[in-house]
Every structure is written in C-alpha cells, then in structure tokens.
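Novice: Questions regarding the structure given below will be posed in turn.
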C-alpha cells in the first residue's frame, strides 16, 4: 500500500543519463533556487556507459548497470525513467518500479502512447504514481493542464506542433528554398535533428505525443494503432513557397478531434492560414492549441525539447510527488476511459486540399491538369504556376474547394498515367479556419 | 481539522450570481460531459437581487441574502466566491468559510492581490484549501502552472497582457484610428468594457493579476502597494499608428521581474516589437509569458474573461478539491515567502523610450524638440514627423537610445515650458527584445 501523506524528502533513481538526464542532475544541484515543497536526493543512476563524458559528475551516485535492478532498490522512492522506447529496459524498469511501490516519472512518449493502458492499469492497481509531463512538448505543461486544470472543459480538438525537428526543417526550407535532405543534414549538424531522424521526420514522434494528449482530453483508451501518420520527407521547398503565396504555411500538425461521437487522431502536413496560431510557430518551438466549451481556444507555446526544458518538466512532476497524491495517470481511472479511437481512414473527409507538383516540359500540360480536376468535379479555389526553372519543369500549386482525399487521389493517379507531372505530386489538407 | 482524503461529492455554496456565476451554474448542469473526478452539487446561492434574470434558473437552490451566513452553512463544503472586491462581503465570506473549515474557490483578484497574505495565512492555519485560478487570465491555467508544473523553473520574468478590455481598446484604436473615448464607448456597448471601466483602464486590474503571478513565481509576499501602475487613457491613436511605422505595437504590459536580487512589478503601456509574442495578441485575448532557467520562454494565450472561460477556471479548481489536498495557496507556506517587492520607482531604469506628441503650429518646433533632447544628452534612434492634420499640428514620434525616464521627464518639462508641443506628450518604455 502506497503512503499518500505529503513528503518532505524523495530519493531518486535516474535511469538514462543522456542529454535530459544530465540536464536533470544539473537542475537538482540547483534545487535551492527552485520552489520545490521538499528535498530531492539522487541516490542511484543507471545508464549504458559509465565512462561517457556527460558534462556532469555521476561518480557520487550509486551506479546500476541494470535499470530494472535499480528500480526496485530499497533506497529509492522514485524511478525517473529517461531511457526511452516502448519496450525493452524502459518498460521493464517502469513495471518493476510500479510493482515495487515506487513512483515513476518518465519522459517516454512511446511507452505511454503505445503501452499507456497497461502501464496505467498497473500503476492504478498499486494506487501508485505515474507522471509523464516531459513526454509531450518539453517545458510546456500541457499534460497536467489537460488532466487537471482543464478537466472542466469539454474539449473538441487538441492540435499542435509537437515535433520541433520537423518544424525547424519546414521553417528553414521555406526561408532558404533548400531541399529537404540538405536542411535535414544542417539540422543534424546543429543538433536540431538526431543522427537517426526516422521517428521525428516520419511523424511517429508527434503521433505518440498527440495520442497521449487525446487520451486525456477525451477520456479515451490510448490506442496508437489508430493514429493516421504522415511525415515531412515528401515536402518540397516549392510547396512551402507557393503555399506562402496563398498566405498559408505548411506545418506538420498533430491533431485529435471529437465530432459526431467519433474521436480520431492524425499527424500530417497541413496548410494553415498565416494568421492561425500554429502558423506563427517557427523553428524548433512546440505549440498546443486546445479548443472546447466554454472556453474557445487556448494556446500554449514553448521549447519542446532539449536538456533544460525537458528536465524542468520532469522536475514539475517530482514536485507533485511531494504533495502525496497524483490521481490516475490518464486523468480518469482506466476502467472509466470510455472513449475509443476511430480507425476510419481520413480519405472520405471533405476538406480543401493543396496539390503541389512540377509540370512536365511540354505544351498543354496545364490544361490537362485542370481538365483532370474538372472531370472529377473538383473545383479550384486558387492556382499558381510559377516560371519554369533550369530543369524546364514548371512548379504549380493549387488549393481546391472542399472535396475528398480519395477523389483527389484518383485525379493524381490519372495525372500520373498521362505523365502530366514531372515529379510525384504532393497532397495536403488545408485548414481554412484562422 | 480538515479531511484530506479524496472526495467523490462536493456541496457548493455560490456567492455572487453575475455573468460568471450564471456561467458556472450552467457548466455544472453539464458536468456529465466534463472529466471531473466526482460529483458537484450546488446546495445554496447568494446574491444581491433574487429576482434578476440571469438566463439560469436559481429557484432550485437554497437562497441566502447574506454570503457570510451561507459560507458557514452546514450543508456546504466549498464556498465559491464570485462577489469581488478586496473588502466587504467577499472578504468576510471567505474568512468565515475558511474559519468554518470550508474550502474556498474564488475569482477575486483584488482580494488575493491586496489581502493575499492574510487570507493565505488564515487558510494555512486551518490546513484548508484556497484556490484562485479564475482570478488571473480567465481560462488560461497560469496560476496552477506557476504554482505546480513550473516549480522546477527559476523564473526571471513573468509578463503579459492581462486586461482584455485595454487590449481590445488599443487594438481598435490602431485599426480604426478612432480616439480613446470613442473606442471605449463602443467597447462598453459591445460588452468588452464595464459601465464603470476605471479598474480596467487605470491598469489596476492588470496590476492585481500580475501581483498574484509574481508572488507565486518569485516566492514573495504579495504587496500591492509596490506595483507601479499606469493605464491606457492617455494613449492617442497617433501614438499607436506611428509606433506601427517603427514596427512596434503599444500594449498595456503587466510584468514582474527579478534582477540583481530585486523583484518588482509594474503595469504600463510598453512598445513591443511586432515579432514579440505579446505584440501578436489582439482584441480581448490575454497572454502570459514566463521566462526562466532552464526553459527559455513559455507563452500561454487565451480568453481572459467572460462567463465561460472564467467558469471553466473555477471548475478546474473544484476538480482539484476532489483530490483532497491542494497545497499552500501561494505555492509556498506564507512563512517561507522570503521575497519582498522593491518599491523603487522605475524612473532611473535605463531603457529606450517612445515619445509621441503633436508639435505646435509654428516654424522651428521640430528643431527645438531635437535640440531639447540633445541638450539632455538623449540620442534619437528613430524619429517620424507626419504631415499636419486639420488642426495644423504635426504628429511626431521618436524612439530614444537607452536613457532614464527621469531624464526624459526633464526634457518634456522643458518642451512644455517652450510650448513646443500642442498636447501633453506621451512617454512609454520600449521593449527592444523580440
């Protein structure tokens, strides 16, 4: 049985001493400058390499090679899990800690998004703490806001820019006109992208985060298999620049919505109007917009990653543990999570869409494109054809009036058959609300 | 002794059934759609007039003419105080409730800003709950964020647009070029300003709110007498429009800062660069920017007033009461609030300043103005003189390089003596950081 009296002292075991772990150890060294309700003491750490230089001295802490062993050590009250991954040592350590009556604070979005239901059940069965503010949007305290402060709001939509790497890449491609691969390579050099950028650029990282927010906001069981995910790697600089001429920005938008009794979650490049709150989020920043009754719209913006911001989010969770009670991990008890995510593919949703492509170098292609659209009953809201570049293909971009994605996929197949486009056309939804 | 076990049922007495109170009663009627951890029941209400039409039926609730009597009634667990004012019935009812072991949730910024120390002490002495999320920035959950989620952040500055009435007036004056009095009258007609707008336009309302945020962020005793307060009623439309030409917006900025061991709080019109987060807040919105280590900057934006947003904030506090423990009202126990606000007038602070004025209708006045500045060793960063209007006075605006307010007050006195300006010149600080 867990003791829920307020605490004045917590002993931590920190698993994973990478950038964030080192940032956390440094912040704990400065705890006298913080507003914590008690004293934190790091008693043990665990990581893969003991000798790696982390810019922080770990020699004073008891060392564990195995985070699972550390998670159950007598002299820790809290496992801080910064290993990452939905399986393997992170999951094993979290489970071991919860079973042993230790509180868990984690920054692991994959674990909560993909295993959140079973891990939360385990925490609840022991009446134990499981907190994960650092898993979403870094220093932006959106998890706790949705779970607690906004529990009196009937949320209709949570949307955001939840991956700073993608946002940085898109901002830079627009600013410089450089190609995706070149900007990604720069981002890696500057530390805005990982050596292996797959989880970021594929949209999976943002999908993990939005699934966590959606579960809480809608009181629904997390179900990662239901998220529609599209990444940024197909976007061309010309798409960003022609969208700009239409007064839109292309952003990787993660969103969760509730409409007509269905809830859904998707991550995809979306055109948002320049006066939309998400359009104004540049570089590696994150932002979350919460819409609902009776509040209208709230926007939270801040650094979504990095040692300091993530460590501060972990610290906020640790502060909460001093209070002695933290409530169900997902806001409601898992047994009360009545919502289920819809797996409906968004192909039939009516929306305006953006198409970007380079037209082949021969006469009549522009007419053939507009004719293909007309034949499918798709009417055009705006269209731009720019002058041909050195490769003599002409960049073209258009925004349709509301139609379905599947209709446009048919049009693009026809265009491909007639070799109208010189590249693979891009198809993105347009958010017309400001 | 207060029971700190989690609750499943709370009985409310609501004092003050104006716009917000009616909004709260309506939201409670929809509580099945919310994510509350328990059941709310309104058992009693109190207001000045029983017969007033509020768009919500109050006949089913027990009625009290006297909120103090209601505050101590056996069948309420929580006093929801929506009366307002730092003294009188609001304070008496809150004190009576806390003494009687009732939790208190209030939207009363004046009470917390001006009497926060004594009321918090009273709550602590009974180990009782006092929550006031709705007192600051409406639906934006900034009080709880600062108190809890961000307790691991070393805050250096909290700034914001905390009065939607003033922000609406300034946005409209810039957009239309209309005079302050005309826009205020429009705002009153549209419900964006009260019949008696004094607390809003004087800056006092924003000052109340920023004092609350500052006390929590810096762990300091609230001391309203130390806030430097300037309102919006002297601002001319020409100031907003010429500032716009310099790529700045004039906003009523409420800010609290910690620097060189001093903490201070001030509310005044400030020029912020158009790419500053506060510049982009238009109309009646509120925004709060929190800066500190190791996070950089977080921005929270949303509706700062109105029935729905304020009721949702009250609801977030009520949700917390179900958890059974809420911590010290100001984040730290009053005895641990070591910070003291400095009363230093900002007249010696070095900064860039904006001066706006109409030059008198005679030759040589522009030269006389620039000479007066040169004599005081004030160098000009930018200056604009627009063509004279129908009254033949010429609008002029300038931004200085860093100097002190007192130096510029001397220059303005000299200008006034020489009758250079045809109106009373305006002097506003310029925030040069984006």
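The values are calculated or read from the model by the stated rules, or taken from the named source; none is laboratory data. The shown structure was predicted, so the numbers you read here are calculated from the model rather than taken from an experiment. Using ideal geometry, Cβ is built from the backbone for each residue, glycine included, and neighbour counts are taken over all protein chains shown.
Novice: Would you check which residues across segment B:2-24 are more than 14 Å from every other protein chain (Cβ to nearest Cβ) and surrounded by fewer than 21 Cβ atoms within 10 Å (Cβ to Cβ) and list them?
Specialist: The answer is B:9, B:11, B:18.
Novice: Given the structure, is residue B:261 within 11 Å of chain A (Cβ to nearest Cβ), surrounded by fewer than 24 Cβ atoms within 10 Å (Cβ to Cβ) and either more than 17 Å from the chain's Cα centre (by Cα) or modelled with pLDDT of 95 or more (or both)?
Specialist: Spelling it out, it is not the case that residue B:261 is within 11 Å of chain A (Cβ to nearest Cβ), surrounded by fewer than 24 Cβ atoms within 10 Å (Cβ to Cβ) and either more than 17 Å from the chain's Cα centre (by Cα) or modelled with pLDDT of 95 or more (or both).
Novice: Given the residues A:167, A:163, which is the only one that is in contact (Cβ under 8 Å) with a residue 60 or more places away in the chain, closer than 30 Å to residue A:339 by Cβ and out of contact with any helix residue (DSSP H, G or I) (no Cβ under 8 Å at 6 or more places or on another chain)?
Specialist: Matching residue, one of A:167, A:163: A:167.
Novice: Quick one: how many residues across segment A:81-105 are in contact with a helix residue (DSSP H, G or I) (Cβ under 9 Å, 6 or more places away or on another chain), under 20 Å from residue A:4 (Cβ atoms) and outside any helix (DSSP H, G or I)?
Specialist: Within segment A:81-105, residues that are in contact with a helix residue (DSSP H, G or I) (Cβ under 9 Å, 6 or more places away or on another chain), under 20 Å from residue A:4 (Cβ atoms) and outside any helix (DSSP H, G or I) number 5.
Novice: Would you confirm whether any residue within segment B:193-205 is in contact (Cβ under 8 Å) with a residue 12 or more places away in the chain, crowded, with 22+ Cβ neighbours inside 10 Å, closer than 26 Å to residue B:104 by Cα and in contact with a helix residue (DSSP H, G or I) (Cβ under 8 Å, 6 or more places away or on another chain)?
Specialist: Yes, that holds for at least one residue.
Novice: Are there any helices (runs of 4 or more DSSP H) wholly within segment B:179-234 with 3 or more residues that are farther than 25 Å from residue B:119 by Cα, and if so which?
Specialist: B:180-190
Novice: Quick test for you: out of A:271, A:278, pick the one residue that is part of a helix (DSSP H, G or I), within 20 Å of residue A:248 (Cβ to Cβ) and either within 12 Å of chain B (Cβ to nearest Cβ) or modelled with pLDDT of 95 or more (or both).
Specialist: Only one candidate passes the filter, namely A:278.
Novice: Next up: Going through segment A:408-434 one residue at a time, which ones are closer than 27 Å to residue A:273 by Cα and surrounded by fewer than 18 Cβ atoms within 10 Å (Cβ to Cβ)?
Specialist: Scanning segment A:408-434 gives A:409, A:410, A:423, A:424, A:432, A:433, A:434.
Novice: Then there's this: What do you reckon, is residue A:127 surrounded by fewer than 24 Cβ atoms within 10 Å (Cβ to Cβ) and away from chain B (no Cβ under 14 Å)?
Specialist: no
Novice: Does residue A:74 satisfy being away from chain B (no Cβ under 14 Å) and within 27 Å of the chain's Cα centre (by Cα)?
Specialist: No: the conditions fail for residue A:74.
Novice: Step by step: first the residues of segment A:242-258, then only those that are over 18 Å from the mean Cα position of the chain (by Cα) and touching a residue at least 60 places away in the same chain (Cβ under 8 Å), then the one that is surrounded by the fewest Cβ atoms within 10 Å (Cβ to Cβ). Which residue is that?
Specialist: Among residues in segment A:242-258 that are over 18 Å from the mean Cα position of the chain (by Cα) and touching a residue at least 60 places away in the same chain (Cβ under 8 Å), the one surrounded by the fewest Cβ atoms within 10 Å (Cβ to Cβ) is A:245.
Novice: In addition: For segment B:148-179, which residues satisfy the criterion of being touching a strand residue (DSSP E or B) at 6+ places or on another chain (Cβ under 8 Å), more than 9 Å from chain A (Cβ to nearest Cβ) and surrounded by fewer than 24 Cβ atoms within 10 Å (Cβ to Cβ)?
Specialist: Scanning segment B:148-179 gives B:156, B:157, B:174.
Novice: A further question follows. Just need a number here: residues in segment A:25-61 that are surrounded by fewer than 18 Cβ atoms within 10 Å (Cβ to Cβ), within 14 Å of chain B (Cβ to nearest Cβ) and assigned to a strand (DSSP E or B).
Specialist: 1
Novice: Return a yes/no flag: does segment A:140-147 have any residue that is in contact with a helix residue (DSSP H, G or I) (Cβ under 6 Å, 6 or more places away or on another chain), touching a residue at least 12 places away in the same chain (Cβ under 8 Å) and more than 13 Å from chain B (Cβ to nearest Cβ).
Specialist: Looking through segment A:140-147, none of the residues is in contact with a helix residue (DSSP H, G or I) (Cβ under 6 Å, 6 or more places away or on another chain), touching a residue at least 12 places away in the same chain (Cβ under 8 Å) and more than 13 Å from chain B (Cβ to nearest Cβ).
Novice: Kindly state which strands (runs of 3 or more DSSP E) lie completely within segment A:281-399 and contain at least 2 residues that are buried (at least 22 other Cβ atoms within 10 Å of the Cβ) and within 11 Å of chain B (Cβ to nearest Cβ).
Specialist: Output list reads A:285-293, A:296-303.
Novice: Go through segment B:283-300 and give me each residue that's within 23 Å of residue B:194 (Cβ to Cβ) and touching a strand residue (DSSP E or B) at 6+ places or on another chain (Cβ under 9 Å).
Specialist: Answer for segment B:283-300, where residues must be within 23 Å of residue B:194 (Cβ to Cβ) and touching a strand residue (DSSP E or B) at 6+ places or on another chain (Cβ under 9 Å): B:284, B:285, B:286, B:287, B:288.
Novice: Any idea how many residues of segment A:383-402 are more than 11 Å from residue A:358 (Cα to Cα) and in contact with a helix residue (DSSP H, G or I) (Cβ under 9 Å, 6 or more places away or on another chain)?
Specialist: 5
Novice: Name the residues in segment B:109-139 that are at pLDDT below 95 and out of contact with any helix residue (DSSP H, G or I) (no Cβ under 8 Å at 6 or more places or on another chain), would you?
Specialist: Passing the criteria: B:125, B:127.
Novice: Then there's this: Just give me the residues in segment B:206-219 being within 14 Å of chain A (Cβ to nearest Cβ) and surrounded by 24 or more Cβ atoms within 10 Å (Cβ to Cβ), in sequence order.
Specialist: B:213, B:214, B:215, B:216, B:217, B:218, listed by residue number.
Novice: Out of all the residues in segment B:7-24, which are farther than 30 Å from residue A:325 by Cβ and not in a helix (DSSP H, G or I)?
Specialist: Across segment B:7-24, the qualifying residues are B:16, B:17, B:18.
Novice: How many of the residues making up segment A:29-50 are touching a residue at least 40 places away in the same chain (Cβ under 8 Å) and within 14 Å of residue B:294 (Cβ to Cβ)?
Specialist: Summing the residues that are touching a residue at least 40 places away in the same chain (Cβ under 8 Å) and within 14 Å of residue B:294 (Cβ to Cβ) in segment A:29-50 gives 1.
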